[in-house]
Amino acid sequence: MKKESTSKKNKKPWPTKAVMEQIYERKLWGGNDVDFYSGIGSHDPTIVKLYTDVVRSFLTSFRTPITVCDLGCGDFNIGKELVRYTEKYIAVDIVEDLIDRNKEKFKEENLEFHCLDIAVDDFPSGDCALLRQVLQHLSNTEVQKVIEKLSVFNYVILTEHVPEGDFIANKDIISGQGIRLKKRSGLDILAPPFNFRIKKQEQLASVVLDDNKGIIVTTLYEVL
Ligand SMILES: C[S@@+](CC[C@H](N)C(=O)[O-])C[C@H]1O[C@@H](n2cnc3c(N)ncnc32)[C@H](O)[C@@H]1O
């Protein structure tokens, strides 16, 4: 009988849902004193203010408010600042307990929460997708699945943590706590293998982190 291999090489990665649940349970993104914590990038006042300022300015540039889908909404420390500038705000995350907690904690008439896997499930319909520090945690296969569906939106506002300066884009990772920075890489959805097709792009914000820890870039894409 053939022996089953237990080598690391042959091990299948955990499903992303289980990985994300464990990150929150074990507080791997920090926040020991709180129930759910999506990381310093979701709480550092300077980072949060710059992001919410530029996204608010985009949302209020429309004559009539638009519907926003927040894909991978996390602990909603960011999203809660934006709901009032939208017609409808639909926030989704893969972690069920986090979505249940968000439903309890944040109640607005134009706000909905849904537990969805954005790599697998259909997106809710809307005008603009917010993807903030989500794709950076996903494998290229999952990123590809998300990107294939993004053309249902008119706009995508993408925030990614990438190395400062030149880097080789889109090195693959296993979905989880870490990001491509550890491989001196970062996501570029316009580059191969993703080749996301757009009409226009505009960089809305960038924050350079201390100690050579990379840069958090927010880009607005008008979708083709
Ligand atoms: C680093 S947190 C960022 C949260 C939020 N966007 C923010 O900027 O504060 C990444 C979030 O993406 C969620 N996520 C990861 N993979 C997902 C998937 N396939 N479907 C839905 N949510 C996902 C995680 O559960 C986590 O809450």
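Here the dipole of the chain is about 880 debye; that uses its Cα centre as origin and unit charges on the Cβ of Lys and Arg (positive) and Asp and Glu (negative). Our summary gives the stretch 18-129 a relative contact order of 24 percent, counting only alpha carbon pairs under 8 angstrom and 6 or more residues apart.
Counting every alpha-carbon pair across the stretch 2-223, the share separated by more than 20 Å comes to 59%.
The length gained by stretching the chain between residue 209 and residue 25 to full extension, at 0.36 nm per residue less their Cα-Cα distance, is 63.6 nm.
Taking the helices alone, the chain has a mean residue ellipticity at 222 nm of -6000 deg cm²/dmol, built from -39,500 (n - 2.57) per DSSP H run of at least 4 residues and averaged over all its residues. Inter-label distance, residue 33 to residue 64: 4.5 nm, where each label sits 7 Å from its Cα along the C-beta direction. What do you get for the angle between helix 140-149 and the principal long axis of the chain? Use alpha-carbon atoms, 0 to 90 degrees, nearest ten. The helix 140-149 is inclined about 30 degrees to the chain. Of all the options 115, 69, 128, the one that moves most in a Gaussian network model of the chain with Cα springs shorter than 10 angstrom is 115. When each of 182, 80 is scored by the number of other beta-carbon atoms lying within 10 Å, the sequence from fewest to most is 182, 80.
Scanning residues 5 or more positions from residue 113 or on other chains, those with amide H under 5 Å from its amide H are 91, with H placed 1.01 Å from N in the peptide plane. For the chain, the relative contact order is 16 percent, taking Cα pairs closer than 8 Å that sit 6 or more residues apart in sequence and dividing their mean separation by the residue count. Spin-label model, residue 106/residue 171: points 7 Å from Cα along the beta carbon direction are separated by 3.3 nm.
Remark: the residue 96-residue 149 segment gains 16.9 nm on full extension, using 0.36 nm per residue and subtracting the alpha carbon distance. I'd like to know which of 198, 60, 74 lies farthest towards the positive end of the charge dipole of the stretch 2-223, counting +1 on Cβ of Lys and Arg and -1 on Cβ of Asp and Glu. The listed residue farthest towards the positive side: 198. Legend: ranking of residues 206, 61, 38, 175 from fewest to most surrounding C-beta atoms inside 10 Å; resulting order 61, 206, 175, 38. Taking the fewest neighbouring Cβ atoms within 10 Å as the starting point, the ordered list for 51, 155 is 155, 51.
Each value in this text was obtained by applying a stated rule to the coordinates, not by laboratory testing. Worth saying up front: this structure is predicted, and the values here are computed from it rather than measured. Cβ: placed from backbone, ideal geometry, glycine included. Neighbour counts: every protein chain shown.
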